Amino acid sequence: MRKCIVILLCVFAFFQANAQFFDNTLVKVRPLKFFLNPNVGLEKPLCSMVSLTSEVAYRQFENFFDGRPKESMWLDTDEPYICNASKIHFNGAEVAFGARLYLITFPNKYLEGYYWIAPFGMYYETIIDYSHSWANDVQIYDYGRSYYEGINYPYYRSNVNVDNLSILILLGYQYNFMNTLSVDLNFGARYYCISTERRRVISTNLAYDDVNENDIYKYNNRHWQIAGRFTIGYYIRYDWMKKRNGK
C-alpha cells in the first residue's frame, strides 16, 4: 500500500512540474492489478484520430515450478509421488509503448468547440511490451533421484531471470465522461516474440559432476496468448474551458 501511495505522489509532482506538456493527456491505471502490481499509463493525443500510449508497472508474482513434481504426479511406478510444488516469489518491472488509431468517434456535447479533442470511441492499438523479473537463490530439485533415494534435496541453487518482449494487437473502446474521466476496455492477442528464462547456478551438491557453479541455462517459450485490459483514466486539462476561437 505504501508503494502505491509513493508512486501516486511522485506521478502527481511530475505532472505539476511539466504542466504544459501533459495538458490534454489521459493518465490511466489498471485498477484490477494496481495494489498487487502498481502501474500508471499515459495517452497523448497527436490529433483527433491518433494517439500515443505508454505504461510502466511494478511486477510481483508467484509462478515458478522448481523441479519437484506436483501432487499425485505419476512416475514409472504403481505409486504416485506425493509432493507439493513450491512457488517462487518474483519481482520485476514492465514498460510498454503503443499507438492507437481511432476508427469510430462519436460527438459529445462536452467536447464541442474545444481547441483540442481527445480521442474517444472505438480504436485499434498496437503495443510493444517488455518485462524483466527475477528471483534469487532458487532451489532446483532433481525429483527423479529424490524419489528413488527417498531424499528431497536440491539438484542445484540458482538465480533466475525472466525476460519477455511481446506485441499486443488490440481492439477496444474508450468511453468519455464529462471530458474528465475515461473508461477503457480492449481485447485482442499477445505474441511473446522473446520469452526467456535464464538460470545462473550459484551452488550445487557435490554428488553432481554435470552441473558447476556459474553454469547458465536458458529456456525459450515463444507463444500466443489472449490479451485484454481494463483501465480508468483522468483527462488532464489545465485550461479545459478554453475554446478554439479563444473565447
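Please go through region 44-84 and give me each residue that is surrounded by 12 or more Cβ atoms within 10 Å (Cβ to Cβ), modelled with pLDDT of 80 or more and over 17 Å from the mean Cα position of the chain (by Cα), ordered by number.
Within region 44-84, K44, P45, M49, V50, S51, L52 qualify.
This table checks each residue for (1) modelled with pLDDT of 95 or more; (2) closer than 12 Å to Y123 by Cβ; (3) touching a His at 6+ places or on another chain (Cβ under 9 Å).
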| residue | (1), (2), (3) |
| --- | --- |
| V160 | no, no, no |
| L165 | yes, no, no |
| F177 | no, no, no |
| N186 | yes, yes, no |
| Y192 | yes, no, yes |
| R200 | no, no, no |
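Is there a residue in region 190-201 that is in a strand (DSSP E or B), loosely packed, with under 13 Cβ neighbours inside 10 Å and not aliphatic (A, V, I, L, M)?
Scanning region 190-201 turns up at least one residue that is in a strand (DSSP E or B), loosely packed, with under 13 Cβ neighbours inside 10 Å and not aliphatic (A, V, I, L, M).
Filter region 14-43 for residues that are at negative phi, at pLDDT below 85 and of a type outside the set (A, V, I, L, M) and give the result.
Passing the criteria: F14, F15, Q16, N18, Q20, F21, F22, D23, K33, F34, F35.
Surrounded by 18 or more Cβ atoms within 10 Å (Cβ to Cβ), touching a Pro at 6+ places or on another chain (Cβ under 6 Å) and at pLDDT below 80 - does that describe any residue in region 101-117?
no
The values are calculated or read from the model by the stated rules, or taken from the named source; none is laboratory data. As the structure is a prediction and not an experimental result, all values here were calculated from the model. Reconstructed Cβ throughout: ideal geometry from the backbone, glycine too, with neighbour counts over all protein chains shown.
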